[in-house]
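Before any comments, here is the structure.
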Amino acid sequence: EHYFDEAYGYVYGLDHHINGDGYNFAGDLNDAIQNDLFLGKYLNKHTGDPETASGNNWRADAYNAYVLGRQAIVENCQDVLDEQITIINTTLSKVVAWHAADYLSKASADALSSNDYSSFNHGLSEAWGFVYSLQFTKMSNGLPLFSHGEVNEMISEMNTTTAWGFKNTAGAARLNEWANEINSRLADY
């Protein structure tokens, strides 16, 4: 129970919901995640609304799996618990991969903008963090979406090419190539 609750906290912890007595609580599925910390900030962008992020309701998928998984612990139902853990791992991994590809695409578009250096640097920096995280994803097959070696190849290229080395047509194409590869693999799940 402790470890499952702790895992929940890494997504929803430090949420800003306060009840009438002044105690924090995580709210329910209908409540937006109110903090700008942890993975919950990015999960909150995937509510099933076709106008936002991916159009997938990954927020509901993760939340429901946490609820069902916690109940499975109480009822000592290992099969249900294992199923919910797989859903949580895969769903959160999809969020990481989606945002890696999205930030790479944004940086690519900004690389072709004549004077949009601030947005370009922001997108490239965010992309770096999400790309680095791809090696820690865990898809439904139990493997990461990208291996440690594959991630390190991308990171190495990002580190050895100055940011301005990407701020041209060839650099923009390279960033898009990575985004397309991430999206291609993500489509398998």
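Any read-out appearing in this document is the output of simple, stated calculations on the displayed coordinates, not a laboratory observation. Here the structure is a predicted model, which is why all the values come from computation and not from measurement. Note that we place each Cβ from the backbone using ideal geometry, even for glycine, and neighbour counts take in every protein chain shown.
Once you list every other residue whose beta carbon is under 14 Å from the beta carbon of residue 76, what net charge do they have if Lys and Arg are +1 and Asp and Glu are -1? Net charge in that neighbourhood comes out at -3. What the Cβ-Cβ distance of residue 49 and residue 161 gives, at R0 = 30 Å and to the nearest 0.05, is a FRET efficiency of 0.25.
Shape annotation for the stretch 73-113: C-alpha extents along the principal axes are 56, 12, 5 Å, from largest to smallest.
If you take the Cα centroid of the stretch 148-189 and the Cα centroid of the stretch 112-145, the two points sit 8 Å apart. Translational diffusion of the stretch 92-132 was estimated from the Stokes-Einstein equation, with Rh taken as the Kirkwood radius over Cα pairs; at 10 °C and 1.306 mPa s the coefficient is 159 µm²/s.
When the P(r) of the stretch 97-189 is calculated, the portion above 16 Å amounts to 49% of the C-alpha pairs. Residue separation of residue 169 and residue 6 scaled by 0.36 nm, minus their Cα-Cα distance, works out to 54.2 nm of gained length. On a per residue basis, the convex hull of the C-alpha atoms belonging to the stretch 46-98 measures out at 49 Å³.
What is the sum of charges around residue 92, taking Lys and Arg as +1, Asp and Glu as -1, for the other residues whose C-beta is under 12 Å from the C-beta of residue 92? Cβ neighbours under 12 Å give a net charge of +2. As a size descriptor, the averaged projected area of the C-alpha convex hull of the stretch 38-161 was calculated at 8.8 nm². For the stretch 61-137, the relative contact order works out to 29 percent when only alpha carbon pairs closer than 8 Å and six or more residues apart are counted. Between residue 67 and residue 181, the C-beta separation translates, for a Förster distance of 30 Å, into a calculated FRET efficiency of about 0.30. From most to least packed by mean Cβ count within 10 Å, the peptides 148-160, 165-177, 119-131 give 119-131, 165-177, 148-160.
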